[in-house]
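No lab work stands behind these numbers, since they all come straight from the coordinates. Please read these numbers as outputs of a predicted model, since none were measured by experiment. Using ideal geometry, Cβ is built from the backbone for each residue, glycine included, and neighbour counts are taken over all protein chains shown.
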Amino acid sequence: MRYMKSDVYRIVTSGKFYIGILMVALASFVSALGFFGGSVVSGFHYMGWRSTYTLVYAAAAVPFAGAFLEDGEHKFYYPQILRGDIVRYTASKVFLCFLSAVLTVGIGSMVFCYAAHIRLPWNTLDAETIAIYGKYSCLGFLMEKNFMPCYFFCYSLMRGLLAGILAVLAQWLSLYAENQLFAVALPMSAYYFLVNYLPEPFNLYDFFDPAANVLGNLKLKIPSVLFVSAVSVLIIGIFMEKKLEKDIFGKGGKSHG
């Protein structure tokens, strides 16, 4: 808990978190230009298909993907680990990297939505189209009830789960590259590869997209997305802890709290 409190304070007092949110909002605007169709919801849906939307995944990594590298550069590893242990130290960094990425996408997307709503209505889709969303999207019921801000936020959080996984992946691989820019650029490159080159059954954009019923059962969509996210972050976290243990204490060495 001591590590968690320290890292939360580090995130919320850092300009990187707010820069990431602003980057998400700007990338969303650029991606939605020309696709609004008279309402916020049209631009919101179409922007995810634009190549410029990959910038959102880079932005999500800005707040905390480089945390381990920063600690290494300033020699913060040892004093922090000596007050506890490397497992808790790593777990805090991994969890908050994931959470900060999810929230960066969620909040940044809402900044975009509310800014667009200054000039545009939330939704101008006809009743038939809304009914289709209600049938094939796990969040369609929110649109049917006209809870549009809630719909946008929940939709953005589901997109953010993939951003969180990629941010944690970048956090781990940056320990090998030892480069802050790599930690930000990797999620963007990884997202582009995963979306464009994986075969259809493994297309992660569709898997994390609430409007894509790839499982054939809407009731399984949210639990499966949360499960895959949790397992992915856990596995990457284990690899990260082993890498840090080797780097800091050498082969066979380990800090015990």
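Table for the structure above
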{"item": "Sequence-separation-based contact order of segment 2-249, relative, with Cα cut under 8 Å and 6+ spacing, percent", "result": "24"}
{"item": "Segments 203-214, 121-132 sorted - mean Cβ within 10 Å per residue, highest first", "result": "203-214, 121-132"}
{"item": "Segment 1-137: relative contact order in percent, alpha carbon pairs under 8 Å with at least 6 residues between", "result": "37"}
{"item": "Kirkwood-based shape ratio for segment 114-257, expressed as Rg/Rh from alpha carbons", "result": "1.10"}
{"item": "Lys/Arg +1, Asp/Glu -1 at C-beta; segment 2-249 dipole; positive extreme among 101, 14, 211", "result": "14"}
{"item": "Dimensions (Å) - the chain, Cα atoms, principal axes, largest first", "result": "63, 36, 33"}
{"item": "Degrees, to the nearest 10: 218-249 long Cα axis against longest axis of the chain", "result": "20"}
{"item": "Degrees separating the helix 15-32 axis from the principal Cα axis of the chain, which is the longest one", "result": "30"}
{"item": "Under 23 Å between alpha carbons - lysine pairs in the chain that sit 8 or more apart or on different chains", "result": "26"}
